[in-house]
Amino acid sequence: MTDQPTRMRGDLGLLSIVLFGLAYMAPAVVTSTFGVIAATSKGAAPTAYVVATGAMLLTGLSYAKMARLVPSSGSVYTYARRMLDSRFGFLAGWAMLLDYLFLPMVAFLVQSIYLHAQYPSVPQWLWLVINIVLATAVNVIGLTVADKVNKTLLIAVTGCLTVLLVLCVHYGLGHGGAASAGHAVWNSTTSVSAITAAAAIAAYAFLGFDAVSTLSEEAQDPQRTIPRGIVLTVLAGGVIFVALSFVMQWAHPGGAFADESSAGYAVSTLVGGQDFADVANIITMLGGFASCVAIQASTSRLMFVMGRDNVLPRPVFGRLHSKLLTPVPNVLIVAAVALLATNLTLADATSFINFGAFLGFTLVNVCVIAHAVRQRRSANRPPLLGFVLLPLAGAAVDVYLITRLGATATRLGLGWIAIGVVYLAVITKGFRRPTPELRLDDKESTGTAR
């Protein structure tokens, strides 16, 4: 691979990084999950989101620390490899692939379901293919184009969500007044157990902030930009989720809905009428496309780094387009996997991803602690609070979230890890050798980004 580029183009600024993370998270998800979170929290959805934001911020801080120490697009795969062991690194990357490889499938499937509901004359499978083809084209061209697409669509989504917020406030003031707003935060029917159960569900809305770390090789001054981008993405997402869930809960007190899955649409209709709800639904779907683009981009980059290290076959996964400097084979592989969604339900597809995500989050926190242990006798010993206590709390939260997953997700996750262990045994000759790695200061690393 002496004539192949091994680094991607590094020209994304902090704003682009944060918008990428928000596009991945899809801020409008708060409207589609509002019903189930309001019902679970007994009418205190914003409080559940506050707890979830705090919990995810713990892991976000750990991601920020590791992104500063190890500025690589490999994310948790590279972090675990450097701080723990190359074999742990492989298993960390393998676990995250369960999340990253199947999350695009879920994103495209959700998008096609909503589009088919809005325009039933077009088959759902055709909407799926259209979305995959368009997102793939954007990601093949590169993140410069994807960045422009994300910014444009996020502006539209932000405008729509702002209008929804204003309408909910107006409705809340006219039906109960300012005094009733407090009931959206806490009321006589809610409890600490209800809030924590709802927070575990609300934490799923934050899946994707970690994808910012996969852009380390495409960011300007990555050791500053990526850590800030990760933390700002979590905080920005938390503010959006808390604010919108608060005004929606204010407009619709309690947790009783005719249909929890469409409660967001019902609230939009309640405060703005049918026409507004329909327009908001279309704009939300545009934001969903931005999420699809971001998810496919980050997945292809994790696969590229694992291919560059040759723990996945380098001739396929470790290649960049010579001019575009994008991992085109991986982008196409993600698109092909997403096409499998034509034969899956949303529940089946979703069950694939959560186990890998929260296991990866746990390992990032462990990596921060491992770094602190390594540096305990050095002159620059890391502070106990930031590098031990907070990551330990983050890991505990992530393990708790794993225990909240259903039996199907757990079985699928453990099965995926078992396959990874077998593959690891093969490439390490029975675990006797470290996994291969391409070090970018080697002679073969001659192709770099412009």
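The values are calculated or read from the model by the stated rules, or taken from the named source; none is laboratory data. Because the structure is a prediction, the values reported are computed rather than measured. Note that each Cβ is placed from the backbone with ideal geometry, even for glycine, and that neighbours are counted across all protein chains shown. Accessible surface is based on the protein model in full, side chains and every heavy atom, while ligands, DNA and RNA are left aside. Shrake-Rupley method; radii C 1.70, N 1.55, O 1.52, S 1.80 Å.
Of all residues in segment 216-273, which are among the charged types (D, E, K, R) and under 16 Å from TYR24 (Cβ atoms)? Please lay out each step first, then the result.
So in segment 216-273, the residues among the charged types (D, E, K, R) come out as 217-218, 221, 224, 228, 259-260.
Within segment 216-273, just GLU218 meets the criteria.
Hand me the list of helices (runs of 4 or more DSSP H) wholly inside segment 258-368 holding 2 or more residues that are β-branched (Val, Ile, Thr), open to solvent by less than 20 Å² (accessible area, probe 1.4 Å) and modelled with pLDDT of 80 or more.
Details: elements: 263-308, 314-317, 328-338, 346-350.
Per the criteria, 263-308, 328-338.
With the condition being among the hydroxyl-bearing types (Ser, Thr, Tyr) and within 17 Å of the chain's Cα centre (by Cα), I'd like the helices (runs of 4 or more DSSP H) fully within segment 23-89 carrying at least 2 qualifying residues. Can you show your working first?
Working: elements: 29-40, 45-69, 76-83.
Qualifying helices (runs of 4 or more DSSP H): 29-40, 45-69.
Just to be sure I understand the filter: pairs with C-beta atoms under 9 Å, separated by 6 or more residues or on different chains, first member in segment 146-173 and farther than 12 Å from ALA28 by Cα and aromatic (Phe, Trp, Tyr), second member in a helix (DSSP H, G or I) and open to solvent by 70 Å² or more (accessible area, probe 1.4 Å). Which pairs pass?
TYR171/LEU270
Inside segment 241-254, can you point out the residues that are under 27 Å from the mean Cα position of the chain (by Cα) and open to solvent by less than 50 Å² (accessible area, probe 1.4 Å)?
Of the residues in segment 241-254, the ones under 27 Å from the mean Cα position of the chain (by Cα) are 241-249.
Selection gives PHE241, VAL242, ALA243, LEU244, SER245, VAL247, MET248, GLN249.
Every residue in segment 245-257 that is part of a loop (DSSP other than H, G, I, E, B) and either of a type outside the set (Phe, Trp, Tyr) or out of contact with any helix residue (DSSP H, G or I) (no Cβ under 8 Å at 6 or more places or on another chain) (or both), please.
Of everything in segment 245-257, those that are part of a loop (DSSP other than H, G, I, E, B) and either of a type outside the set (Phe, Trp, Tyr) or out of contact with any helix residue (DSSP H, G or I) (no Cβ under 8 Å at 6 or more places or on another chain) (or both) turn out to be HIS252, PRO253, GLY254, GLY255, ALA256.
Out of SER62, SER32, SER73, I need the residue that is open to solvent by less than 10 Å² (accessible area, probe 1.4 Å), at pLDDT below 85 and not β-branched (Val, Ile, Thr). Which one? Quick ask: steps written out before the conclusion?
On the way: SER62 fails: at pLDDT below 85; SER32 fails: open to solvent by less than 10 Å² (accessible area, probe 1.4 Å).
None of the other options fit; the residue is SER73.
Results for (1) over 21 Å from the mean Cα position of the chain (by Cα); (2) at pLDDT 85 or above, shown as yes or no for each residue.
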position: ASN380; (1), (2): yes, no
position: LEU385; (1), (2): yes, yes
position: TYR400; (1), (2): no, yes
position: THR403; (1), (2): no, no
